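> The structure follows.
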């Protein structure tokens, strides 16, 4: 088991390095740089531009710049964000926890709603309820997440004014709130982005869960349980659902990178200060050290999610654990 973990860890490091290297050369070959974008004014002296290009290794060829970047990365230095006047590590320290909270809550709610919906559909397959629920879930799944996010934002912040429009907390009242007030305030700021994630993504999870349950319900052990007099609820919840949850673990590992991609759009729509919003603003500013750092963190989260899915699968299936 330890050898398997070590091998997967080395593979994860190699994947992150390859993704980061590809991103580095991609942005290095792009026209312009962060100095041009930040000091785009004729009143900025040429020596100031030259100073910052030398500081950021932008006055060298692409290969020496790559070597400079590798040396900085080896020492744990992710670079300096010139437009923001802060280190890249400080920017990530502010954004990464927000994205992890959003992704964690969204994943939990998505899979809870998707599994419950798939279970309800598989309980009476082919019934009117099954068809209606399936059609509604696919209707929301077919919607572009950014478009649906704009509709949700307009409906619940402009028409009804039930929820805040942006951010993670109320910047004015939050410092004066108690512990419970701060929790409620942060939860209210999470409702709309999580609601958008759940509605546009849980439909696919429900279809996977429904198909997995229907496959399990045709197995011999299900017929044996029914022959022993087990009720429909016991057969479905105790026998079928437990075995049909295994494909959901694999789907969880696949959904993490998809959720990271969706976070770029959702965080931008709701002005949620996480990795997605930070990445889009860094691209607009040509803040390439910050872009590369965001890619590194995102790829590391994807690798960690895949690794976690493998561990969960091994814990849930003894055949995999004992292989």
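> Looking at region 278-290, which of its residues are part of a helix (DSSP H, G or I) and buried (at least 23 other Cβ atoms within 10 Å of the Cβ)?
The first filter runs over region 278-290 and keeps only residues part of a helix (DSSP H, G or I), leaving 278-284, 288-290.
Result: 278, 279, 282, 288, 289, 290.
> So which of 78, 92, 70 is part of a loop (DSSP other than H, G, I, E, B) and not assigned by TED's automatic domain parsing to the domain that holds residue 198?
Details: 92 fails: part of a loop (DSSP other than H, G, I, E, B); 70 fails: part of a loop (DSSP other than H, G, I, E, B).
Answer to the selection: 78.
> Could you identify the single residue in 63, 13, 27 that is closer than 24 Å to residue 305 by Cα, modelled with pLDDT of 75 or more and either touching a helix residue (DSSP H, G or I) at 6+ places or on another chain (Cβ under 7 Å) or loosely packed, with under 13 Cβ neighbours inside 10 Å (or both)?
Working: 63 fails: closer than 24 Å to residue 305 by Cα; 27 fails: closer than 24 Å to residue 305 by Cα.
Going through 63, 13, 27 in turn, the sole match is 13.
> Additional query: Look through 263, 206, 244, 240 and report the one residue that is within 16 Å of the chain's Cα centre (by Cα) and crowded, with 23+ Cβ neighbours inside 10 Å. So that I can check it myself, show each step before the final result.
Working: 206 fails: within 16 Å of the chain's Cα centre (by Cα); 244 fails: within 16 Å of the chain's Cα centre (by Cα); 240 fails: within 16 Å of the chain's Cα centre (by Cα).
Among 263, 206, 244, 240, only 263 is within 16 Å of the chain's Cα centre (by Cα) and crowded, with 23+ Cβ neighbours inside 10 Å.
> When only residues in region 41-58 that are part of a loop (DSSP other than H, G, I, E, B) and under 21 Å from residue 70 (Cβ atoms) count, which is modelled with the highest pLDDT?
We begin by selecting, within region 41-58, every residue part of a loop (DSSP other than H, G, I, E, B); these are 41-45, 56-58.
Remaining after also requiring under 21 Å from residue 70 (Cβ atoms): 56-58.
Details: 56: 74, 57: 77, 58: 74.
Going through the qualifying residues, I end up with 57.
> Follow-up question, since we're still on this one. Against the condition under 17 Å from residue 241 (Cβ atoms) and modelled with pLDDT of 85 or more, how does residue 118 come out, does it pass? Give the steps one after another, and end with the answer.
Numbers: under 17 Å from residue 241 (Cβ atoms): yes; modelled with pLDDT of 85 or more: yes.
Considered against the rule, which asks whether it is under 17 Å from residue 241 (Cβ atoms) and modelled with pLDDT of 85 or more, residue 118 comes out as yes.
> Now for a different question. Does residue 146 satisfy the condition of being under 30 Å from residue 204 (Cα atoms), in the same structural domain as residue 237 (by TED's automatic domain parsing) and modelled with pLDDT of 85 or more? Explain how you work it out, then say what you get.
Numbers: under 30 Å from residue 204 (Cα atoms): yes; in the same structural domain as residue 237 (by TED's automatic domain parsing): yes; modelled with pLDDT of 85 or more: no.
When the stated conditions are applied, residue 146 does not pass them.
The values are calculated or read from the model by the stated rules, or taken from the named source; none is laboratory data. A quick note: this is a predicted structure, and the numbers were derived from the prediction, not measured. All Cβ positions, glycine included, derive from the backbone under ideal geometry; neighbour counts span all protein chains shown.
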